[in-house]
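A.B. asks: What follows is a single structure, and I will ask about it in a moment.
The values are calculated or read from the model by the stated rules, or taken from the named source; none is laboratory data. Predicted model, so just to flag it, every value in this text is computed and none were measured. Because the Cβ atoms are built from the backbone with ideal geometry, glycine has one as well, and the counts that use them run over all protein chains shown. Remember, those area values only see protein heavy atoms, side chains included, never the ligands or the DNA or RNA. Shrake-Rupley method; radii C 1.70, N 1.55, O 1.52, S 1.80 Å.
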Amino acid sequence: MRVRFAAAMMLAVLSSGAAAQDSVTVTVDAGAAGPVIDRNIFGQFAEHLGTGIYNGVWVGEDSKIPNTRGIRTDVVEALRAIKVPNVRWPGGCFADEYHWRDGIGDPATRTKRRNASWAGRIETNAFGTHEYFDFLGQIGAKPFISVNVGSGTVQEAADWMEYITAEGTTLADERAANGRKEPWGVDFLGIGNEMWGCGGPLTGDEYVRELKQYINFTTNYHPTVKPTVIAVGPDGGGFAEYTEAVMKGWSQRDWTWDIQGLSLHRYTRGVWPPRIKATGFGAEEYAQVIDETLGMDDFIRTNAAIMDKYDPEKSVGIYVDEWGTWYEGDAGTLYQQNSQRDAVLAALNFNIFAKHAERVRGANIAQMVNVLQAMILTDDARMILTPTYHAFHMYVPFQDATRLGVTLDAQDYRQGEYEMPRFDAIAARGKDGALYVAVVNIDPTREATVNLRLKSGRLAKVSAETLDAPAMNSINTFERPETVKPRAVAPTVRGGAATLAVKPASVTVFRIAE
Ligand code: AHR
């Protein structure tokens, strides 16, 4: 939150005494069980954009880069380790120019087009439906397909769903002839993307008309897997009327259509076009980015309040299916570096999603490889894991965990005109029965001691993993791939509570075995 100059001066004076407090007490209420933190909030997004798919995931069978049926082995192995729940594909803006027939059949004769959304690069369609499902199988993730509403037709989307999910039809036979006899299930189905912008432009009410028809006719033939249908909603920069229009339309639905999700997009990028630097930034830019990130909470709250009017039972979930940092860089590839700051803000976003788990059932970071806030960067045969990847890895125990109550004594972090909480935390009971507590020390200048305790009962066995870095702007490079990397740390347990010193701008996940 920005504070006015005079107020900031006053707060600085008032805070000079508090600055000495370099410990935080985090109290877990294991008896206050909340909702399940849906594993799908750790979803990924992979668009045909820059080297996100080509070179990042797909290298082709003849590549010297080790691969399985054309898909990079190193990338698959890394993604398996973070237990990716789903991958949203083929876009983004690209989804509304994608024609699925271009990407099936003999690769040698697939249609080549220009990728109009992203710098007009040649799209070979070497990576299409079969390759996508093969990739998902290799990493163990579920499909999230966004169909083309902008430049496609209801019939085209209906045919794609039939091709993927049906048995015994001509389209199913075509799928079998292309190498896949069994139908695939589609777990998540997005009806268009950003229909107020690159996917349209349509007003909210115009979109609702399209939405109804697409849902009515885009039949899923799979016997057991029924998709969560996700409608387009607003983004952080505007188009708030979409939430109202879609939810109002939904409240008047009939037997022909229904939705289970509303998409929200929100990037951390400052002004447009983005001017924030991915690397080499200072304290002010660190604070600016974290401050903007924390606005995700308000964004979800505002949209959830509109949804509550029409859907107090919370039948429709929020899917933040595009989020992350968008820094200054090449507008055609959106390739950017990733620092410790990105790991901190990834953890803060996870915490926000978990705190809204009653409504937020999914989220997809933009994007998986080589694009925006990526997990993985590749350079020909080389691959590195980013600080954001490590944050995802550390939060794996929170997938489908049950949220618990947690309190911490409030303290502020101030930098120039920015003021925000110094710490953030969530707690949950993991599927393995242990308690997990994630603590973020937002302040990039001050180390702190975390005093971890239970509201009732005593801690006995506590372990922890922490992600810190030499500096808030530390990055991993192909030459130095392990500058930022998590490490196991040993909290001191005494008198039924645990203490651990955590570094500035760090993320720590505690595991409490009961
Ligand atoms: O992730 C990059 C782009 O951002 C997506 O294609 C679009 O949906 C959003 O505006």
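A.B. asks: Of all residues in region 61-85, which are part of a strand (DSSP E or B) and open to solvent by 10 Å² or more (accessible area, probe 1.4 Å)?
C.D. replies: Residues of region 61-85 that are part of a strand (DSSP E or B), as a first pass: 67-68, 71-72.
The answer is ASN67, THR68.
A.B. asks: Let me ask something additional. Filter region 242-261 down to residues that are in contact with a Phe, Trp or Tyr (Cβ under 7 Å, 6 or more places away or on another chain) and not small (Gly, Ala, Ser) and give me whichever is farthest from the ligand (Cβ to nearest atom).
C.D. replies: Looking at the filtered set, the residue picked out is LYS248.
A.B. asks: Among the residues in region 447-464, are any closer than 30 Å to ASP379 by Cα, not aliphatic (A, V, I, L, M) and not in a strand (DSSP E or B)?
C.D. replies: In the first step, residues of region 447-464 are kept if they are closer than 30 Å to ASP379 by Cα; the result is none.
Checking region 447-464: not a single residue is closer than 30 Å to ASP379 by Cα, not aliphatic (A, V, I, L, M) and not in a strand (DSSP E or B).
A.B. asks: Here's a follow-up. Checking TRP255 against (1) assigned to a loop (DSSP other than H, G, I, E, B); (2) under 23 Å from GLY91 (Cα atoms), only one condition comes out false. Which one?
C.D. replies: (2)
A.B. asks: For a quick check of your reading of the model, give me the residue pairs whose first member lies in region 250-266 and is modelled with pLDDT under 95, whose second is more than 16 Å from the ligand (Cβ to nearest atom) and hydroxyl-bearing (Ser, Thr, Tyr), with beta-carbon atoms closer than 9 Å and at least 6 apart or on different chains.
C.D. replies: Once the first residue is modelled with pLDDT under 95 and sits in region 250-266, no partner that is more than 16 Å from the ligand (Cβ to nearest atom) and hydroxyl-bearing (Ser, Thr, Tyr) comes close enough.
A.B. asks: What do you reckon, is SER117 of a type outside the set (A, V, I, L, M, F, W, C) and more than 16 Å from the ligand (Cβ to nearest atom)? If you could, list the steps in order and put the result at the bottom.
C.D. replies: Values: of a type outside the set (A, V, I, L, M, F, W, C): yes; more than 16 Å from the ligand (Cβ to nearest atom): no.
Answer is no for this residue.
A.B. asks: Do we find a residue being under 26 Å from the mean Cα position of the chain (by Cα), in contact (Cβ under 8 Å) with a residue 24 or more places away in the chain and within 16 Å of the ligand (Cβ to nearest atom) anywhere in region 210-228?
C.D. replies: no
A.B. asks: In region 375-418, how many are closer than 14 Å to LYS83 by Cβ and basic (Lys, Arg)?
C.D. replies: Of the residues in that region, 0 qualify.
A.B. asks: Suppose we filter VAL76, VAL57, VAL84 for residues that are assigned by TED's automatic domain parsing to the domain that holds GLU131 and touching a Gly at 6+ places or on another chain (Cβ under 8 Å); which single one remains? Full working, then the answer.
C.D. replies: Values: VAL76 fails: touching a Gly at 6+ places or on another chain (Cβ under 8 Å); VAL57 fails: touching a Gly at 6+ places or on another chain (Cβ under 8 Å).
Answer to the selection: VAL84.
A.B. asks: Residues in region 379-387: is at least one buried (at least 24 other Cβ atoms within 10 Å of the Cβ) and either modelled with pLDDT under 95 or within 14 Å of the chain's Cα centre (by Cα) (or both)?
C.D. replies: Looking through region 379-387, none of the residues is buried (at least 24 other Cβ atoms within 10 Å of the Cβ) and either modelled with pLDDT under 95 or within 14 Å of the chain's Cα centre (by Cα) (or both).
A.B. asks: Given the conditions (1) away from the ligand (no atom under 15 Å from the Cβ); (2) open to solvent by 10 Å² or more (accessible area, probe 1.4 Å); (3) closer than 23 Å to ASP159 by Cβ; (4) touching a residue at least 12 places away in the same chain (Cβ under 8 Å), and given that GLY200 satisfies all but one, which numbered condition is not satisfied?
C.D. replies: (1)
A.B. asks: From the list PHE239, PHE188, which one is within 16 Å of the ligand (Cβ to nearest atom), without any contact (Cβ under 8 Å) to a residue 60 or more places away in the chain and among the hydrophobic types (A, V, I, L, M, F, W, C)?
C.D. replies: Numbers: PHE188 fails: without any contact (Cβ under 8 Å) to a residue 60 or more places away in the chain.
After ruling out the rest, the residue left standing is PHE239.
A.B. asks: Please indicate, with yes or no, whether at least one residue in region 303-321 is more than 15 Å from the ligand (Cβ to nearest atom) and in contact with a Pro (Cβ under 9 Å, 6 or more places away or on another chain).
C.D. replies: Yes - at least one qualifying residue is present in region 303-321.
A.B. asks: Let me ask something additional. Of the conditions (1) buried (at least 22 other Cβ atoms within 10 Å of the Cβ); (2) more than 16 Å from the ligand (Cβ to nearest atom); (3) not aromatic (Phe, Trp, Tyr), ARG359 fails just one. Which one is it?
C.D. replies: Condition not satisfied by ARG359: (1).
A.B. asks: Turning to a different aspect of this structure: Among the listed residues GLN367, GLN337, identify the single one that is polar (S, T, N, Q), assigned by TED's automatic domain parsing to the domain that holds VAL57 and surrounded by 24 or more Cβ atoms within 10 Å (Cβ to Cβ). Break it down into steps so the answer makes sense when it comes.
C.D. replies: Values: GLN337 fails: surrounded by 24 or more Cβ atoms within 10 Å (Cβ to Cβ).
After applying the criteria, what remains is GLN367.
A.B. asks: Got at least one residue in region 119-129 being over 25 Å from the mean Cα position of the chain (by Cα) and among the hydrophobic types (A, V, I, L, M, F, W, C)?
C.D. replies: yes
A.B. asks: Is it the case, given these coordinates, that ASP409 is surrounded by fewer than 24 Cβ atoms within 10 Å (Cβ to Cβ), more than 30 Å from GLY50 (Cα to Cα), out of contact with any Phe, Trp or Tyr (no Cβ under 8 Å at 6 or more places or on another chain) and in contact (Cβ under 8 Å) with a residue 60 or more places away in the chain?
C.D. replies: Details: surrounded by fewer than 24 Cβ atoms within 10 Å (Cβ to Cβ): yes; more than 30 Å from GLY50 (Cα to Cα): yes; out of contact with any Phe, Trp or Tyr (no Cβ under 8 Å at 6 or more places or on another chain): yes; in contact (Cβ under 8 Å) with a residue 60 or more places away in the chain: yes.
Answer is yes for this residue.
A.B. asks: Report, by residue number, each residue of region 86-104 that is assigned to a loop (DSSP other than H, G, I, E, B) and more than 11 Å from the ligand (Cβ to nearest atom).
C.D. replies: Across region 86-104, the qualifying residues are TYR98, HIS99, ILE104.
A.B. asks: Going through region 44-58 one residue at a time, which ones are of a type in the set (A, V, I, L, M) and within 16 Å of LEU136 (Cα to Cα)? Outline the logic, then answer.
C.D. replies: The initial filter retains those residues of region 44-58 that are of a type in the set (A, V, I, L, M), namely 46, 49, 53, 57.
Within region 44-58, ALA46, ILE53, VAL57 qualify.
A.B. asks: Among the residues of region 36-43, is any open to solvent by less than 40 Å² (accessible area, probe 1.4 Å), touching a Pro at 6+ places or on another chain (Cβ under 8 Å), under 30 Å from ARG361 (Cβ atoms) and more than 16 Å from the ligand (Cβ to nearest atom)?
C.D. replies: yes
A.B. asks: What strands (runs of 3 or more DSSP E), lying completely within region 339-425, carry at least 3 residues that are within 24 Å of THR499 (Cβ to Cβ) and of a type outside the set (Asp, Glu)? First the steps, then the outcome.
C.D. replies: On the way: elements: 360-366, 376-379, 382-385, 402-408, 412-415, 418-421.
The strands (runs of 3 or more DSSP E) meeting that bar are 402-408.
A.B. asks: Can you tell me which residues in region 22-57 are under 30 Å from ARG511 (Cα atoms) and either part of a loop (DSSP other than H, G, I, E, B) or under 18 Å from the mean Cα position of the chain (by Cα) (or both)? Please lay out each step first, then the result.
C.D. replies: Step one: of region 22-57, the residues under 30 Å from ARG511 (Cα atoms) are 22-45.
ASP22, VAL36, ILE37, ASP38, ARG39, ASN40, ILE41, PHE42, GLY43, GLN44, PHE45, listed by residue number.
A.B. asks: Would you check which residues across region 302-328 are on the phi < 0 side of the Ramachandran plot and either assigned to a loop (DSSP other than H, G, I, E, B) or of a type in the set (Ser, Thr, Tyr) (or both) and list them? Steps first, answer last, please.
C.D. replies: At the first step, the residues of region 302-328 found to be on the phi < 0 side of the Ramachandran plot are 302-313, 315-323, 325-328.
Hits for region 302-328 are THR302, TYR310, ASP311, PRO312, GLU313, SER315, VAL316, TYR319, THR325, TRP326, TYR327, GLU328.
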